[in-house]
Each structure stands twice: as C-alpha cells, then as structure tokens.
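Reading through the structure tokens given below for one structure.
The values are calculated or read from the model by the stated rules, or taken from the named source; none is laboratory data. It should be emphasised that the depicted structure is a prediction, and the values quoted were computed from it without experimental measurement. Here the Cβ is made from the backbone with ideal geometry for all residues, glycine too, and neighbour counts use every protein chain on show. Ligands, DNA and RNA are stripped out before the accessible areas are found, and what is left, the full protein with its side chains, is counted by its heavy atoms. Shrake-Rupley method; radii C 1.70, N 1.55, O 1.52, S 1.80 Å.
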Amino acid sequence: MAFSEETKQKIFDNANGHCQDCGKVLSYDNHEEGQWGAWEAHHIIPESEGGPDTVSNGKALCLVCHKRTSSYGSHG
C-alpha cells in the first residue's frame, strides 16, 4: 500500500512545505528527480515492518534525504 493523495497532502501541509530532515523548500506537485523541490512522503515505520499509511506515520522528505533513509526502496 502507499499513502493516498489526501494523506500526502496532509503530510506536506504538516511539514509547512519543507523537508522534515534538512529544511529544503518543497513543491507539492514535484516528485521526479531533477524537478525543483521534488519530494516524497516517507513512512517513519516502514511498510515492510507493518507501518501504516497514515499521516502520523509519514513525513515529507526531499529526494536526497529520502534516499538516505535505511528503508528507501524497500517494499513490504
């Protein structure tokens, strides 16, 4: 499973449009490498470990910070 669009919007809003690790300004619509402000919603508790697709288990990360997480690229 993945975050719904509604959940991603809430995660983004909770982060005030900034990466929650490095503080970089993000753009809600940008998700692809090379786009200004590109970001992804990150599962704090990974899906592979039973982490739910909820706002409280998500944080907004720029692509650089997301790739630095230990669970990046793993899927349940």
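Please get the size of the charge dipole for the chain, origin at its Cα centre, with Cβ charges of +1 on Lys and Arg and -1 on Asp and Glu, quoted in debye to the nearest 20.
The dipole magnitude comes to about 280 debye.
Leaving out ligands, DNA and RNA, and with a 1.4 Å probe, what % of the accessible surface on the chain is carbon or sulfur?
49 percent
Select from Cys65, Pro52, His42 the residue farthest towards the positive end of the dipole of the chain; place +1 on Cβ of Lys and Arg, -1 on Cβ of Asp and Glu, and compute about the Cα centre.
Cys65
Please work out the average accessible area per residue across the chain, using the 1.4 Å probe convention, and give it in Å².
Accessible area per residue: 61 Å².
Once amide H atoms are built 1.01 Å from N in the peptide plane, which residues 5 or more positions from Ala15, or in another chain, come under 5 Å H to H?
Here nothing satisfies the definition.
Helix 5-14 versus the longest principal axis of the chain: what angle, 0 to 90°, nearest 10, using Cα atoms?
Result, in degrees: 60.
In nanometres, what is the gap between the two model label sites at Arg68 and Asn14, each 7 Å from Cα along Cα-to-Cβ?
Placing both labels 7 Å beyond Cα along the Cβ direction yields 2.1 nm.
Report which label in (i) 4.4; (ii) 4.1; (iii) 5.7 holds the value of mean projected area of the Cα convex hull in nm² derived from the coordinates of this structure.
(i)
Enumerate the residues in the range 36-73 having an amide nitrogen under 19 Å from the point lying 7 Å beyond the Cα of Ser4 toward its Cβ.
41-44, 47, 51-60
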